[in-house]
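Report on one structure; see the data block that follows.
We did not get these values from a lab; they are worked out from the coordinates using the rules stated. Nothing here was measured: the structure is a model prediction, and the numbers come from that model. Reconstructed Cβ throughout: ideal geometry from the backbone, glycine too, with neighbour counts over all protein chains shown.
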């Protein structure tokens, strides 16, 4: 059972969104904020396992349109710059002077964007399975990985024209962001099934016609909202550039920073960790042997626990 929050609130952003956040641990202890992945996935109390709640104050929140934040799946006034402003809004609202920032995958992207704007508010930075929002990574995920999961990719693109198969992200985004509810549901299912197959592949499970996901049940409103948010962000390269993110990492040279990456991460290539370390040689790079992308991977979770404890003690 996850620990109980000592505080839960809905915070009005002033432009049509309300952010859900919760606080755990000790109210007067050094603070940390966790930035969830996605975009659109929402936070999970399971991340609290990375922290010593007897010595830390941990803030979890759902980004705009995600999780319990309202309106669910809303795309209006929803971009990376506003998400950065939301992090700072929560910090100021809680009266926290500085905090540790922990982000994984898309959360690592957002952590770097926050660092670029508010480095003086960061005590330390932990990045896991970093995503750099580049065209290189998008082509890798939606096109090149067909070589790793051929049956799943065939299911993802089943019935599409050659032109649609050559631009998977664009094809999915057009359906998810369009006005045809059935087409949006179909695109969300295809995307979700493809992701499931990639997670299975990272665990060493066979991708075959017999095991390829073929679920065709309607998705939940939250799942549809998640993939609509992902399409909204990824189709616009997350409103940032790889160069911006690497510059943000370089600017963090005077702050404690740990970069964690699994050697078997298919979602966000290990090359990303090398790029970040080249930008900031002062950062500590932790390779997790045979580690995958998900923080549910026990070896990744242990690396996160150690990095967070290290930065807490250093601060």
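Here the chain is described by how far its Cα atoms reach on the three principal axes: 56, 42, 39 Å, from widest to narrowest.
Judged by the mean number of other Cβ atoms found within 10 Å, the most tightly packed of the peptides 121-127, 132-138 leads the ranking 121-127, 132-138. Rounding to the nearest 10 and keeping the result within 0 to 90°, find how far the Cα-based axis of helix 181-202 lies from the longest principal axis of the chain. Once rounded, the angle reads 70 degrees. Normalised by 2.2 N^0.38 Å, where N counts its residues, the alpha-carbon radius of gyration of segment 206-298 equals 1.41. Put the Cα centre of segment 127-154 next to the Cα centre of segment 246-266 and the gap is 20 Å. Relative to the longest principal axis of the Cα atoms of the chain, helix 221-234 runs at roughly 90 degrees. The residues 51, 131, 239, 141, when put in order of fewest to most other Cβ atoms within 10 Å, stand as 239, 141, 51, 131.
Once the gyration tensor of the Cα atoms in segment 43-135 is diagonalised, the equivalent ellipsoid follows with semi-axes of 20, 16, 15 Å, ordered largest first.
By the beta-carbon count within 10 Å of each Cβ, the least crowded to most crowded order of 113, 148, 10, fewest first, is 10, 148, 113.
Among 7, 62, rank each residue by its count of other Cβ atoms within 10 Å, from fewest to most, as a rough exposure measure.
Details: 7 12, 62 22.
Neighbour counts put them in this order, fewest first: 7, 62.
Considering all alpha-carbon pairs of segment 135-237, what whole percent are spaced by more than 23 angstrom? Display every interim value, and only then the final one.
Values: 1096 of 5253 pairs.
Roughly 21 percent, rounded to a whole number.
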